[in-house]
1. How far apart, in nm, are the 7 Å Cα→Cβ label points at residue 288 and residue 168?
2. Between residue 149 and residue 115, 0.36 nm times their residue separation minus their Cα-Cα distance comes to what?
3. For the chain, I need the span (max minus min coordinate) of the C-alpha atoms along each principal axis, in Å, sorted largest to smallest.
4. Can you give me the distance in nm between label points at residue 327 and residue 58, each placed 7 Å from the Cα along the Cα-to-Cβ direction?
5. Would you please give the residues with an amide H less than 5 Å from that of residue 141, counting only those at least 5 places away or on a separate chain, with H modeled from the backbone geometry?
6. What nm distance separates the two modelled labels at residue 348 and residue 295, each placed 7 Å from Cα along Cα→Cβ?
7. Any of 148/191; 155/191; 84/253; 281/349 with alpha carbons more than 23 Å apart? Name them for me.
8. What whole-number distance in Å separates the alpha-carbon centres of segment 74-121 and segment 359-397?
Amino acid sequence: MHQRFSMSRRACLAALAGAPGLSGQSRPSWPQWGGPNRDFTITGSAPLKSSWPAAGPKIVWKRELGDGYSSVSVDGGVLYTMYKRGRDEMTMAADAATGKTLWEYGTPSSFQSAYQEPGNGPYATPLVLAGGIVTAGVTGRIECRARKDGALLWKQDLWTQHGGTRLDYGYSSSPLAWRDLIVVPCGGQGKSVLALRQSDGSIAWNKLNYPNVYSSPLPIRVGGLDQLVQLMDGFVIGLNPVNGDLQWSVPFKAQYSIAVASPVWTGEFLFLSAEYDAGAKVIRLERAGAGVKATEVWTSNRLRLHHGNAIPIDGTLYFSSGGKGSVALLSAVDIATGKIHWQQRAISKASFVWADGKLITLDQEGTLMLAEPSPAEFKILAKAPLLTGTAWTPPSLAGTRLYLRDRRSLMAVELG
């Protein structure tokens with residue numbers, strides 16, 4: 001079913017009423033890319049089991065799903081994701097307890113990736129607000145839909161309306177909520193980054209001339225100053241989220257613009273890594289009067305985070321290092337110095353969630369693991385093969401319920 005209308009401004013405001021930012025539902029929530037804080041970390045997590053039966057954790061439900069790598073957002077007992085069905089790019093809401101579809105809408109998309117291995121998207125993760133969800137399609141179509149029934153509230157087309165960077169693999173940046181704004185990278189002239197009003201999608205600010213890459217925006221705070229970090233083509237930049245003014249920039253260029261992974265912030269250090277010769281870089285950010293000073297700390301050509309994520313734990317970064325077609329090396333790296341504590345080949349390319357002192361690990365073969373990592377070792381507590389397709393999508397954890405997908409299926413497992 002296709003949705004072909006937009007609501008009036010009054011209806012939009014009614015649907016989004018009370019939504020200055022992310023939803024504040026009392027039930028367990030994973031409302032956006034990377035979870036509550038966009039860092040794939042749950043603080044104060046409910047207890048998780050430290051071992052499973054031989055068959056693995058309890059599978060609550062499993063269902064078929066179309067192509068794509070959009071991860072799952074969960075809030076108020078409802079999950080949201082995107083997938084491709086035929087020539088339509090689908091946005092779906094489903095019952096988080098059963099996996100049953102509550103509503104879904106399709107938008108025609110003729111996008112063809114320059115390379116068929118990863119498919120034709122979608123890649124971005126829905127952002128959940130109090131009254132709506134915001135999605136980013138593979139051609140840069142930003143939509144806000146009502147949570148109740150999926151009615152279209154507003155839309156913006158980054159490529160056609162704003163001259164956004166047309167990437168070989170398509171648009172993949174997941175939207176960010178900041179106060180009453182939605183922030184998305186675009187890459188158009190004078191429109192490197194756009195801030196859209198949540199109420200109606202109108203532009204609050206747009207700034208700079210950097211082309212876009214695939215990475216998603218990250219909000220951080222440096223010495224009490226709010227900053228918006230965004231990887232662009234050739235630089236990592238920090239913006240004032242109030243008005244989009246440039247605060248700092250540091251060169252960082254990925255070959256073929258393949259910069260996918262989100263930056264990682266520790267409160268002092270910012271970690272960046274990308275495909276091919278870009279390698280890895282760490283920047284120290286410090287308050288300097290009314291601004292922020294950015295200083296390069298170290299770089300490495302041995303470390304390459306392709307499209308997964310990295311988790312900082314007690315000063316050590318854990319991630320899969322390896323580019324397209326290369327062997328992934330699970331790596332433990334001191335974030336302050338770049339020292340590699342260890343690298344191992346036993347686990348293929350993986351993504352992670354940190355909760356209850358355990359590193360939930362999903363490798364690209366579909367094997368789910370619980371681990372206790374340290375600078376000395378990667379201790380696996382439990383392990384089970386659950387998926388069979390290309391499992392490149394990071395897991396989502398809401399309470400003790402973990403949501404997983406590959407290119408063929410979507411499932412919920414119980415870890416509590």
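1. The two pseudo-label positions are separated by 3.6 nm.
2. Values: separation 34, 0.36 × 34 = 12.24 nm, distance 3.49 nm.
Residue separation times 0.36 nm, minus the Cα-Cα distance, leaves 8.7 nm.
3. Computed over the Cα atoms, the extents are 58, 52, 41 Å.
4. About 4.0 nm separates the two model spin labels.
5. Excluding prolines and chain starts, which carry no amide H, the hits are 158.
6. Modelled inter-label distance: 4.3 nm.
7. Details: 148/191 32 Å; 155/191 17 Å; 84/253 31 Å; 281/349 20 Å.
From the list (148/191; 155/191; 84/253; 281/349), the Cα-Cα distance tops 23 Å for 148/191; 84/253.
8. Result: 24 Å between the Cα centres.
Here, each number is a calculation from the coordinates, and none is a lab measurement. Keep in mind the model is a prediction, meaning the values are calculated, not measured. All Cβ positions, glycine included, derive from the backbone under ideal geometry; neighbour counts span all protein chains shown.
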